[in-house]
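Peer 1: Have a look at this one.
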Amino acid sequence: MSDAGFASVILDVVQQRFPDVKAAINLGYWFTTAPQAHKGVIYIGSTRSESHVPGGHVLAVDAKSGKVLWHFNTIPQDEKDQGWEIAGPTWVGGERNGGGIWETAAIDPELGMLYMAVGNPFGDSTKRAGTNLFTNSIIALTLDTGRLKWYFQQTHHDVWDYDSGAPPILFDMQVNGRRVKAVAEASKNGYLYILDRETGKPVHPIKEMPVPTDNPGEGQAPWPTQPIPFTASGKLMEPVCPIEPLEIPAEQLAKNKPVPIFTPMRPNQIIAPGTGGGTNYSPLSYSPRTGLLYVNAIDQPSNSGRGPRMFFSAYDPTTGDLKWRKIYEGFGQAGSVVTASDLLFVGTGSNLAGYFYALDAKTGEELWKFNTGAGVFSSPATYVVNGEQFVAVASGGGDRGRRGGDLILSFALPRP
């Protein structure tokens with residue numbers, strides 16, 4: 001409950017199961033998500049998976065009082081948690097940890113629904129045989145009570161850190177003359193998933209395809225299939241980044257072996273995507289004018305010995321087809337913003353510097369770029385002052401070998 005303007009909302013929840021805990025951080029809980037607010041209620045998710053937390057929590061909090069109205073545990077711990085009958089049998093061996101929520105929920109007020117991307121499982125993978133629901137999933141909950149309406153898991157029994165670390169995006173489109181209320185999310189596993197947000201069903205085929213399971217290691221129980229998206233025409237959907245190791249330096253090939261995606265983890269492997277993604281943190285953007293969905297992703301295979309490349313792509317969500325793609329040096333970890341004049345803005349993160357780009361939203365043609373002096377790992381924002389439009393972006397960083405910086409830059413768009 002609220003005390004002088006503060007509310008320990010995670011603690012209020014975890015003390016129901018762990019009454020002796022004095023601070024949520026003692027169990028490894030904290031927030032990385034920005035809250036969503038709707039009709040006097042704040043919706044937020046707790047993280048973090050790598051702290052061995054016993055499930056992440058989706059929280060609905062009264063904005064005035066700080067009272068937790070409802071909560072949903074992303075890894076049901078026992079029959080007291082909603083979804084236990086579904087998720088409980090998918091954890092065998094005693095491990096039941098992870099499921100943190102890294103990014104912000106999407107809300108559909110018309111449907112009364114909330115959509116959240118859930119992070120990876122954590123802990124000894126020999127003690128969690130099964131698919132490990134609801135980790136690596138998109139979950140849909142009702143706004144009023146937090147009731148689970150549907151879920152879709154993007155990576156089963158994750159041992160590669162291929163969690164769903166980016167926020168979902170909601171948009172409406174016409175598919176074969178039918179209006180579809182869609183939700184999309186791009187995973188660190190390198191695939192883009194487009195679902196009907198009313199039902200959770202794929203808009204285009206997503207097939208359970210066989211993946212490597214040989215020599216998994218003692219006690220390991222790899223899942224034999226993974227959900228792979230296809231286009232409306234039946235072709236494999238183009239991944240958001242390479243899913244096979246490319247351009248690997250010869251000295252790395254002498255020490256490590258390239259393996260297919262979803263190969264059980266073993267030493268001295270080169271696997272793509274790497275643990276950084278795929279799509280990692282960066283929000284998607286959608287333009288109702290172009291009808292395109294814009295996705296940023298990272299190409300840096302594990303043990304590759306080379307720097308990252310940014311894969312920035314435009315997809316037609318009505319078919320699942322890739323329409324165009326730009327490849328730049330640096331991390332593709334920033335989100336994009338698209339305007340009503342068909343301008344598309346996105347930045348690159350780099351160890352040397354970061355560029356901020358303006359592209360043609362229809363064709364991907366590069367219209368302008370600016371060297372910000374440091375990596376761009378944040379999403380831009382656009383706003384209007386006295387009839388003049390601006391676009392702003394943060395440039396900074398400093399960890400993981402990135403060049404540091406602490407700038408917020410704002411650029412004026414040309415007047416009509």
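Peer 1: Are any residues in segment 55-64 part of a strand (DSSP E or B) and surrounded by 20 or more Cβ atoms within 10 Å (Cβ to Cβ), and if so, which ones? Show your work before the answer.
Peer 2: Of segment 55-64, the ones part of a strand (DSSP E or B) are 57-62.
Residues satisfying the conditions are H57, V58, L59, A60, V61.
Peer 1: For segment 118-136, how many residues are surrounded by fewer than 24 Cβ atoms within 10 Å (Cβ to Cβ) and either in a strand (DSSP E or B) or aromatic (F, W, Y) (or both)?
Peer 2: 1
Quick grid of which residues meet (1) of a type outside the set (K, R); (2) part of a strand (DSSP E or B):
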position: S282; (1), (2): yes, no
position: Y286; (1), (2): yes, yes
position: T290; (1), (2): yes, no
position: L293; (1), (2): yes, yes
position: N296; (1), (2): yes, yes
position: K326; (1), (2): no, yes
position: V337; (1), (2): yes, yes
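Peer 1: How about segment 178-231: which strands (runs of 3 or more DSSP E) wholly inside it have at least 1 residues that are touching a residue at least 60 places away in the same chain (Cβ under 8 Å) and crowded, with 16+ Cβ neighbours inside 10 Å? Steps first, answer last, please.
Peer 2: Working: elements: 178-186, 192-196, 206-210, 225-229.
Answer list for segment 178-231: 178-186, 192-196, 225-229.
Peer 1: With the requirement that a residue be touching a residue at least 60 places away in the same chain (Cβ under 8 Å) and buried (at least 20 other Cβ atoms within 10 Å of the Cβ), what does segment 288-308 give you? Working first, answer last.
Peer 2: Here is the first cut: in segment 288-308, the residues touching a residue at least 60 places away in the same chain (Cβ under 8 Å) are 288-295, 297.
Residues satisfying the conditions are L292, L293, Y294, V295, A297.
Peer 1: Against the definition (among the charged types (D, E, K, R) and under 20 Å from the mean Cα position of the chain (by Cα)), how does E50 come out, yes or no? Explain how you work it out, then say what you get.
Peer 2: Values: among the charged types (D, E, K, R): yes; under 20 Å from the mean Cα position of the chain (by Cα): yes.
Answer is yes for this residue.
Peer 1: Mind listing whichever residues of segment 178-199 are over 30 Å from Q300 (Cβ atoms) and of a type in the set (V, I, T)? I'd like the intermediate steps shown before the answer.
Peer 2: We begin by selecting, within segment 178-199, every residue over 30 Å from Q300 (Cβ atoms); these are 178-181, 196-199.
Within segment 178-199, V180, T199 qualify.
Peer 1: Conditions first: (1) farther than 22 Å from L284 by Cβ; (2) surrounded by fewer than 18 Cβ atoms within 10 Å (Cβ to Cβ); (3) of a type in the set (A, V, I, L, M, F, W, C); (4) in contact (Cβ under 8 Å) with a residue 60 or more places away in the chain. L111 passes all but one, so which condition is the exception?
Peer 2: Evaluating L111 over (1) farther than 22 Å from L284 by Cβ; (2) surrounded by fewer than 18 Cβ atoms within 10 Å (Cβ to Cβ); (3) of a type in the set (A, V, I, L, M, F, W, C); (4) in contact (Cβ under 8 Å) with a residue 60 or more places away in the chain leaves (1) as the failure.
Peer 1: Further question: Out of curiosity, is P267 free of Cβ contacts under 8 Å to residues at least 24 places away in the same chain and either more than 18 Å from the chain's Cα centre (by Cα) or within 19 Å of D360 (Cα to Cα) (or both)?
Peer 2: So P267 fits the description; yes.
Peer 1: I'm checking my understanding of the structure. Among residues of segment 65-108 that are acidic (D, E) and either free of Cβ contacts under 8 Å to residues at least 24 places away in the same chain or part of a loop (DSSP other than H, G, I, E, B) (or both), which one is farthest from T142 (Cα to Cα)? Quick ask: steps written out before the conclusion?
Peer 2: If we filter segment 65-108 for residues that are acidic (D, E), which is where we start, we get 78-79, 81, 85, 95, 103, 108.
Those still in the list that are either free of Cβ contacts under 8 Å to residues at least 24 places away in the same chain or part of a loop (DSSP other than H, G, I, E, B) (or both) too: 78-79, 81, 85, 95, 103.
Details: D78: 21, E79: 20, D81: 16, E85: 19, E95: 28, E103: 18 Å.
So, considering only residues that are acidic (D, E) and either free of Cβ contacts under 8 Å to residues at least 24 places away in the same chain or part of a loop (DSSP other than H, G, I, E, B) (or both), the one farthest from T142 (Cα to Cα) is E95.
Peer 1: Restricting attention to segment 145-177, and to residues there that are among the charged types (D, E, K, R) and within 23 Å of S282 (Cβ to Cβ), which single residue is surrounded by the fewest Cβ atoms within 10 Å (Cβ to Cβ)? First the steps, then the outcome.
Peer 2: So in segment 145-177, the residues among the charged types (D, E, K, R) come out as 147, 149, 158, 161, 163, 172.
Those still in the list that are within 23 Å of S282 (Cβ to Cβ) too: 158, 161, 163, 172.
Values: D158: 29, D161: 25, D163: 30, D172: 11.
Of everything passing the filter in segment 145-177, D172 is surrounded by the fewest Cβ atoms within 10 Å (Cβ to Cβ).
Peer 1: Looking at segment 19-44, which of its residues are surrounded by 12 or more Cβ atoms within 10 Å (Cβ to Cβ) and without any contact (Cβ under 8 Å) to a residue 24 or more places away in the chain?
Peer 2: V21, A24, I25, N26, W30, F31, I42
No value in this document is a laboratory result; all are computed from the given coordinates. Given the structure is predicted, the values throughout are model-derived calculations rather than measurements. Positions of Cβ are generated from backbone atoms using ideal geometry, with glycine treated the same way; all protein chains shown enter the neighbour counts.
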